[in-house]
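Novice: Pasting a structure below so you can have a look.
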Amino acid sequence: MSVPVLSREAVLAAVSPQDAYIAVRDAFVAYHRGEWSMQPKVYVTNYPAGDFRAMPALGGGHALLKWVTSFPGNPERGLPTVTGLVVLSNAETGQLEAVLDAASVTALRTAAAGVIAADTLARHDAATVAVVGAGVNGAETVRMLVAHGRLPLVWDVDVARRELVAGELDALVAGSLEEALACDVVITVTPGHTVLFSPGSLRAGQHVSLMGADGPGKAEAASEELRRAHLFCDDWEQASHGGELAAPVSQGVVGRDDVTELGAVLAGDAEGRRGATDITMFDSTGLAIQDLAVARAAFMKSVQLDLPRIEL
């Protein structure tokens, strides 16, 4: 028996931004309806260096396990922040079907989740959009926005990186961080160690997709700002313990009734934006069902690619 191995290049060749968007959107709905399932993300920590994460999921005839890392200091060493593998198996037979690069799967599903949330929750007349953080996941978010006909502003603390990403993806470099954070739609894809939205900084009608705070102790917005906003998340159990919501939840100022899962909105079972002045915030912690959606899409296209295989 042999199984295909999908490198970063192969995953990106197999799954377009549009493919990832549709797959992840459908996965949100399937998870909300109980058709797909996943177990809580398991963290193996080695802070302050970083952490390892094990993420299983089941759905659509497949089972997945992602073993992935997050080491924020790696770029300073010339290494990627995110590395790892995704293993995809047949849910009926248990047979291994494919091994995929985890970083590319993560980038595609992160970008898809942030843009889906923005499309679902932002004002219909939102005119400006910015991506803050131009690493691998941020760059993929820019690519997805451009593929959907948007012209985002790009900001990163690294001048060369923001200029490179904007230039390669036909986006615009923001004149300042303040300009980026003032856009109608902001998608933050940073390591989550610095608060970007300080108390009182959010504007009426703004939407923010907070993608960076995916572990304990991380935050891209002050707790005071979350209390001002209409809150959404990818999964309550995960977000309330290890995401942007964790701090205000532990402080007792945000509870379960204050937060709506995005899948419920996409399925038509919950209210989204309430009006033009509503401030909406989406807390993304990254779900295994999103990885499964992208991995399935890549596997379906793998027969069309000339891929290396491993013998078992």
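Nothing in this text is a laboratory measurement; each read-out follows from the coordinates by a stated rule. Being a predicted model, the structure only gives us computed values, none of them experimental. In this analysis, Cβ positions are derived from the backbone assuming ideal geometry, glycine residues included, and neighbour counts consider all displayed protein chains.
Novice: Compute the helix-to-body angle for 17-32: its Cα long axis versus the longest principal axis of the chain, expressed 0 to 90° and rounded to tens.
Specialist: Tilt relative to the chain: about 80 degrees.
Novice: Of ALA180, ALA270, SER223, which is farthest along the charge dipole of region 108-286 in the positive direction, counting Lys and Arg as +1 and Asp and Glu as -1 at C-beta?
Specialist: Farthest towards the positive end: ALA180.
Novice: Could you work out how far helix 102-121 tilts from the main Cα principal axis of the chain, as a 0 to 90 degree angle to the nearest 10?
Specialist: Compared with the principal axis, the helix lies near 40 degrees.
Novice: By how many nm would the segment from GLN39 to GLU92 grow when fully extended, if each residue of separation counts as 0.36 nm and the alpha-carbon distance is taken off?
Specialist: So the extension gain works out to 17.2 nm.
Novice: Hey, if you drop one equal point scatterer on each alpha-carbon of region 195-312 and run the Debye formula without solvent, what base-10 log of I(q)/I(0) do you get at q = 0.17 Å⁻¹?
Specialist: These q points yield log10 I(q)/I(0) values of -0.82.
Novice: OK, next. Per residue of region 131-143, in order, report the coupling 6.51 cos²θ - 1.76 cosθ + 1.60 (Karplus, θ = phi - 60°) as ³J(HN,Hα) in whole Hz, putting x for Gly and Pro.
Specialist: Per-residue couplings from phi come out as 10, 9, x, 10, x, 4, 6, x, 4, 5, 5, 4, 4 Hz.
Novice: What GluC sites (Glu not before Pro) does region 213-286 have in DSSP loop regions with at most 14 other beta carbons within 10 Å?
Specialist: GLU271
Novice: Between GLU178 and GLU224, how high is the FRET efficiency from 1/(1 + (r/R0)^6) when r is the Cβ-Cβ distance and R₀ = 25 Å? Nearest 0.05.
Specialist: Approximately 0.85, to the nearest 0.05.
Novice: Which longest run of the chain has no exposed loop site in it, a site being trypsin sites (Lys or Arg not before Pro) in a DSSP loop with at most 13 other beta carbons within 10 Å, and the site itself not part of the run?
Specialist: 34-202
Novice: Okay, moving on. Using the crude model of +1 on Lys and Arg Cβ and -1 on Asp and Glu Cβ, and no other charge, please compute the dipole size for the chain relative to its Cα centre, in debye to 20.
Specialist: Taking the Cα centre of the chain as origin, the dipole is about 160 debye.
Novice: How big is D, in µm² s⁻¹, for region 108-286 by Stokes-Einstein at 20 °C and 1.002 mPa s if Rh is the Kirkwood radius over C-alpha pairs?
Specialist: Estimated diffusion coefficient is 136 µm²/s.
Novice: Put +1 on the Cβ of every Lys and Arg and -1 on every Asp and Glu Cβ in the chain; which of ALA295, PRO199, MET281 then has its Cα farthest towards the positive end of the dipole?
Specialist: ALA295
Novice: Follow-up. To test your reading of the geometry: what angle, between 0 and 90 degrees and rounded to tens, separates the Cα axis of helix 288-302 from the longest principal axis of the chain?
Specialist: Helix 288-302 sits at roughly 50 degrees to that axis.
Novice: Under the 0.36 nm per residue contour assumption, what length would be gained going from the current alpha-carbon distance of THR277 and GLU76 to full extension?
Specialist: Extra length from THR277 to GLU76 when fully extended: 68.3 nm.
Novice: Restricting the calculation to Cα positions, tell me the Rg (one decimal) and the Dmax (whole number) of region 124-171 in Å.
Specialist: Answer for region 124-171, Rg first and Dmax second: 10.1, 33 Å.
Novice: Reported to two decimal places, what Rg/Rh ratio describes region 165-257 when computed on Cα atoms with Rh from the Kirkwood expression?
Specialist: 0.99
Novice: Next question, about the same structure. What span do the alpha-carbon atoms of region 22-151 cover on each of the three principal axes, reported in whole Å from largest to smallest?
Specialist: Between the extreme Cα coordinates on each principal axis of region 22-151 lie 48, 41, 22 Å.
Novice: Calculate how many DSSP beta bridges within the chain are antiparallel, expressed in % of all such bridges and rounded to the nearest 5.
Specialist: Antiparallel: roughly 55 percent of the beta bridges in the chain.
Novice: Between region 73-94 and region 9-50, what is the C-alpha centre distance in whole Å?
Specialist: 12
Novice: Can you tell me the length gained on complete extension of the stretch ALA204 to GLN18, counting 0.36 nm per residue apart and subtracting the Cα distance?
Specialist: Extra length available between ALA204 and GLN18 comes to 64.0 nm.
Novice: May I ask you to evaluate 6.51 cos²θ - 1.76 cosθ + 1.60, the Karplus curve with θ = phi - 60°, for each residue of region 155-163 and list the ³J(HN,Hα) values in order in whole Hz, giving x for glycine and proline?
Specialist: Here the 3J(HN,Hα) series is 9, 8, 5, 8, 4, 4, 5, 5, 5 Hz.
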